[in-house]
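Report on the following structure.
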Amino acid sequence: MREDLLYFIWKHNKLPTENLRTGNGEPILVKALGTQNSLAGPDFFNAKVEIDGQLWAGNVEMHIKSSDWYVHHHETDENYNNVILHVVWEDDIAVFRKDGSQIPTLEVKRYVSGKLLEDYRNLMDNSRINFINCERDLKDVGPFLIDNWLHRLYIERLEHKSRLIIELLQTSKNDWEAVLFILLAKNFGSKVNGHYFLDRARQLDFSIVRKTINGPLQLEALLFGHFGLLIVEECSDSYYVQLQKEYDYLLRKFDMEESQSKPEFFGLRPMNFPTVRVSQLVNLYLKNHNLFSRLMESNSLESIYQVFEIGAGKYWEDHYTLGKASKKSTKKLSKKFIDLVVINTLVPIKFCYAKHTGRDWNDELISLMSELGREDNSIIKNFDKMGPKTQNALESQAKLELYTNYCVKNKCMQCVIGTQLLNRNT
């Protein structure tokens, strides 16, 4: 038994409308269920309940056992003084408010149908699943409901991604250009070096980037040095010597600390080597001095692709690492890589910027994500085996949110699909 089932029972009015009684035998008539609270405090606000002929307006709190009231120390918390009804699965002890008055208790296990409990247990029986709880029944849920739920889930995912952006804005004093740089650095680091690049980018004063952006060699030296790519043993390559000399000058000029760490190369394909990615990042800024403004003005996928139509520097046409020549190749950003940047950086920062400026870009962002191809990973493949095929990046991002924050955490009663399955026969 979990509290989320109690929330479901109350919210979806699964109790009989008559013959409900408190633990003391007083008749209960629920007039209004109230509004569920997802924050701290009682579980439902502004309910109306008639108890023994007296109408009460206030809040409802729920627990598995009545004694959980004391386990959670609600008796000393003023936020619970307005609780008018304690809804529990098992009434094992009398409960009192801070002022000493007893709170009426409704023990619901006497009133819940056996069919509802059986369906709930079947849904939550992890021993019978390979992927997620509802995998056997997902096909029974209508496409309209799933489609609407995925749109809501994608907005939730954007809200979650906004947390890092908001934190970066606070530390950068609302410097949107600096925040964009940090997020792009994380993306250009990919999975292996993403967190390292994020950490290093946060430690770089973006004003220094602004001061070096008109000098290609200076910007290259700054970023290659700051991201630890000039920590090379026994390299006499003239390009490396130039970068190191320029980086030493910048260290002194801007009173910076030299990088003592370096990114990973092991396990990466050559096109994802941090040397190549940093060179591409350099050229992105050399091509677009006001990158943030340009991206905020880019409303179509085609215009975004034009912004990111860049490659690595000339030196990297026949190199993957400093001082070691390789077969010549043009190292442009691939469409797949740009799509990931759009998904993980551009759309989230556009979402935050729209909220900051009071604009409504949700439809535009939804449309943009719907144009992008779906992501391809084991989670999406598993979802596709069970139900409608994933059509685009919006749906793949929404399903990742669903899996990560609902399925894995067994939050079926907070999921539209889970509640629909439990509602169908009860």
- Antiparallel bridge percentage (DSSP; both residues within the chain; nearest 5): 65
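For residue 391 and residue 17, calculate 0.36 nm times their separation in residues minus their Cα-Cα distance, and state this gained length in nm to one decimal.
On the way: separation 374, 0.36 × 374 = 134.64 nm, distance 4.36 nm.
Stretched out fully, the residue 391 to residue 17 stretch lengthens by 130.3 nm.
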- Express the carbon and sulfur contribution to the solvent-accessible surface of the chain as a percent, rounded to the nearest whole number, probe 1.4 angstrom. 47
- Message: Could you identify which residue out of 373, 225, 100 has the top mean-square fluctuation in a GNM of the chain using Cα springs shorter than 10 Å?
- Response: 100
- Once phi for every residue in the stretch 46-59 is put through the Karplus expression 6.51 cos²θ - 1.76 cosθ + 1.60 (θ = phi - 60°), the whole-Hz ³J(HN,Hα) values, with Gly and Pro written as x, are 6, 7, 10, 9, 8, 10, 6, x, 9, 7, 10, 10, x, 10
- Task: Grab the Cα-Cα distance for residue 76 and residue 90, subtract it from 0.36 nm times how many residues apart they are, and report the gain in nm with one decimal.
- Result: 2.8 nm
- Query: Using the alpha-carbon centroid of each, what span in Å lies between the stretch 145-163 and the stretch 275-292?
  - Reply: 31
- Message: Charges on Cβ only, +1 for Lys and Arg, -1 for Asp and Glu, centred on the Cα centroid of the chain; of 236, 193, 63, which one is farthest towards the dipole's positive end?
- Response: 236
- Item | Angle between the chain longest axis and helix 362-371 axis [Cα atoms, degrees, rounded to 10] | 70
- Per DSSP H run of at least 4 residues, take -39500 (n - 2.57); add these up for the chain, divide by its residues and hand me the 222 nm value, nearest 500 deg cm²/dmol. -14000 deg cm²/dmol
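For the chain, with only Lys/Arg (+1) and Asp/Glu (-1) charged at the beta-carbon, what is the dipole magnitude about the Cα centre, in debye rounded to 20?
Details: 54 positive and 56 negative charges, 278 e Å.
For this selection, approximately 1340 debye.
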- Message: Tell me which of 342, 413, 352 sits at the most positive position along the dipole axis of the chain, charges placed on C-beta atoms (Lys, Arg +1; Asp, Glu -1).
- Response: 342
- Message: Over 27 Å between Cα atoms: which of 287/389; 191/409; 332/385; 11/355; 14/409 fall into that group?
- Response: 287/389; 332/385; 11/355
- (i) -0.96, -1.13, -1.50; (ii) -1.09, -1.26, -1.53; (iii) -1.00, -1.09, -1.28, with the label sought being that of the calculated log10 I(q)/I(0) by the Debye sum over Cα atoms at q = 0.12, 0.13, 0.15 Å⁻¹: (iii)
- Which FRET efficiency, nearest 0.05, do residue 145 and residue 125 yield, Cβ-Cβ r, R0 22 Å? 0.45
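What does the C-alpha gyration tensor say about the overall shape of the stretch 65-196? Classify as rounded when a/c is under 1.5, otherwise prolate if a/b is larger than b/c, or oblate. If you can, show how the numbers build up before the last one.
Values: a/c = 3.01, a/b = 1.47, b/c = 2.05.
Oblate, because a/c is 1.5 or more while a/b does not exceed b/c.
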- Given 0.36 nm per residue, what is the gain on full extension from residue 45 to residue 384 after removing their alpha carbon distance, in nm? 118.2 nm
- Taking the Cα centre of each part, how many Å lie between the stretch 197-228 and the stretch 390-408? 35
- Query: How would you classify the stretch 21-117 from its alpha-carbon gyration tensor, with a ≥ b ≥ c the square roots of the eigenvalues: rounded for a/c under 1.5, else prolate if a/b is greater than b/c, otherwise oblate?
  - Reply: rounded
- Task: Find, among the GluC sites (Glu not before Pro) in the stretch 1-105, those assigned to loop by DSSP (not H, G, I, E, B) with at most 15 other beta-carbon atoms within 10 angstrom.
- Result: 18
- Message: As I understand it, the value is the acute angle between the Cα axis of helix 274-287 and the longest principal axis of the Cα atoms of the chain; what does it come to in degrees, rounded to 10?
- Response: 80
- Mind checking the angle between helix 190-202 and the chain's longest principal axis? C-alpha axes, 0 to 90 degrees, to the nearest 10. 80
- In nm, to one decimal, how far is the modelled label at residue 264 from the one at residue 26, with both set 7 Å along Cα→Cβ? 6.2
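The values are calculated or read from the model by the stated rules, or taken from the named source; none is laboratory data. Note that this is a predicted model, so its numbers are computed, not measured. A quick note on method: Cβ atoms are made from the backbone with ideal geometry, for glycine too, and the neighbour counts reach across all protein chains shown. All accessible areas refer to the heavy atoms of the entire protein, side chains included, with ligands and DNA or RNA removed. Shrake-Rupley method; radii C 1.70, N 1.55, O 1.52, S 1.80 Å.
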